[in-house]
Amino acid sequence: MIKFKIGEIAKRRGLTTAFALQKALNCSPTMASRLFKGGFKQVSIETIDRLCDLFDCLPSNLYEYKPNNSKAVKGSVSVPNSQNVEKSVLGRLTTIEAAERLNLSRKRVNDYVNKGLLPAEKVKGQNYISEADFVEFEKLYRLGVKTGSASSD
């Protein structure tokens, strides 16, 4: 089953209502409400593109997939080469997600990445931070070690 996380992402980005999402996307109230609440059966590639631009994320960040146990296929499944990018960023944070969790600007997080204080892997122009590296950095950041001060910007 695929569960869209558009409403959750919108709220984390400060768009706390369907109306706010409607204004940011410049879409109809009906579309914004359905996107915000997850009440839709299909969504166009154009809308996914607009959402990715708005949230500065990959399409795979907009949803999560949980196999339906009654229809689960046993055995291994190979990932086609076209999905290597998505496969390589699974379980990693974007700089925007890291910034939100640290209550910092994206620029500040990118500065930490560029200075080598926060390890990240660049995939198609986007920095991705492993959860383990983020947790370690967050501990040091909260203590004010190596990063300057523990205050947020």
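What follows draws every value from the coordinates through simple rules; no lab data is involved. Keep in mind that what you see is a predicted model, and the values were worked out from it rather than measured. FYI the Cβ positions are ideal-geometry reconstructions off the backbone, even for glycines, and counts take in every protein chain you see.
Structure above, values below:
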quantity	calculated
Residue-span extension gain [LYS115 to GLU46] - 0.36 nm each, minus C-alpha spacing	21.2 nm
Charge sum, other residues only, whose C-beta stays under 10 Å from ALA20's C-beta, Lys/Arg counted +1 and Asp/Glu -1	+3
Across LYS66/LYS107; LYS37/LYS115; LYS11/LYS122; LYS5/LYS122; LYS5/LYS107; LYS23/LYS139, pairs whose alpha-carbon gap is larger than 29 Å	LYS66/LYS107; LYS37/LYS115; LYS23/LYS139
Net charge contributed by nearby residues that have their C-beta within less than 10 Å of GLU100 (K/R +1, D/E -1)	+3
Distance in nm between pseudo-label sites at LYS3 and SER28 (7 Å out along the Cβ direction from Cα)	2.8
